[in-house]
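Everything below concerns the one structure shown next.
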Amino acid sequence: MTQEILGTRRLSKHFKGFTAVNEVDLSVRKGHIHALVGPNGAGKTTLFNLLTGFMTPSSGEIHFNGQSMSTLRPSQIAQSGIVRSFQISAVFGSLSVLDNVRFALQREMGVSFFFWRSDRVLNRLNDRAMELLESVGLTSVADHLADSLPYGRKRALELATTLAMNPTLMLLDEPTQGMGYEDVDRVTRLIKQVAAGRTVLMVEHNMKVVSAIADTISVLQRGRVIATGTYEEVSTNPQVMEAYLGPTSRYGEGDAA
């Protein structure tokens, strides 16, 4: 069996009488793409916030590579190898595409970013930055301002800056949200491509994306995991079908997540 890299045991988060995450047991396997899906308000974002240290669990445990992560700060969790897409890969619109990636590379090296550094110093990062841009198809726009990119290509740039942090586990928070069909298709292929040899945990509403790239899917409803398995297994689970579309509806069409 593939090794577990991230696990939670009876993980819960309560807010003044409301339970957002309710005794969640999650097992993410090394080298897999694991998707978290569920109706709005199911607890997906709260669970991501717990995993990345932005919220403290009310109870339960989080383990990564066999080490407890339940009480660590976000910076410590990032240093351990868990990188969340929005956490470090925000696009700086007034910087070039290349400089956005160089910024992320400096953070991965533990060096502060200074806009007044000499070109000689910054250019040491160019080869690696261009490799990352090539991996997401952005070398032709390396000198363009990030703000000039269409939305889908900005998300590709975010993937490049996430990769610049050399993550062991990538947490992608709704990577195709707000995209048109062509951008969704392009970014889906990019995620599959950059996930090779890595582990990805993603929250995604578009079930076509999930069915195309996820090895394992966990479905949340009202803070609980109600099903885990392959797309074929969860899409025919009566409890999952009812949670999404009602007891007589067909699950898995379009963006129903």
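One chain, two ends: GLU134 and GLU61. Fully extended at 0.36 nm per residue, the span grows by 22.4 nm beyond their Cα-Cα distance.
Peptides 31-44, 154-167, ordered by how many other C-beta atoms sit within 10 Å of their residues on average, highest first, read 154-167, 31-44. Subtracting the Cα-Cα distance of THR71 and ASN40 from 0.36 nm times their residue separation leaves 8.4 nm of extension gain.
Using only alpha carbons, the chain has a radius of gyration to Kirkwood radius ratio (Rg to Rh) of 0.99. Only one residue of VAL21, GLY93, LEU149 has its Cα farthest out toward the positive end of the dipole of the chain, where Lys and Arg carry +1 and Asp and Glu -1 on Cβ, and that residue is VAL21. Rounded to the nearest 0.05, the FRET efficiency derived from the C-beta distance between ARG124 and LYS30 at R0 = 35 Å is 0.65. Quick check for the chain: number of Lys pairs with alpha-carbon distance under 28 Å, counting only pairs 8 or more apart or on different chains? Pairs that pass both the separation and distance tests number 13.
Estimated from helices alone, the mean residue ellipticity of the chain at 222 nm is -10000 deg cm²/dmol (sum of -39500 (n - 2.57) over DSSP H runs with n ≥ 4, per residue).
In this calculation the C-beta distance from GLU4 to ASP143 is compared with R0 = 45 Å, giving a FRET efficiency of 0.55.
FYI, it's all coordinate maths here, none of it is from the lab. Small disclaimer: the values here were computed from a predicted structure and weren't measured. Please note: Cβ atoms are built from the backbone with ideal geometry, for glycine as well, and neighbour counts cover all protein chains shown.
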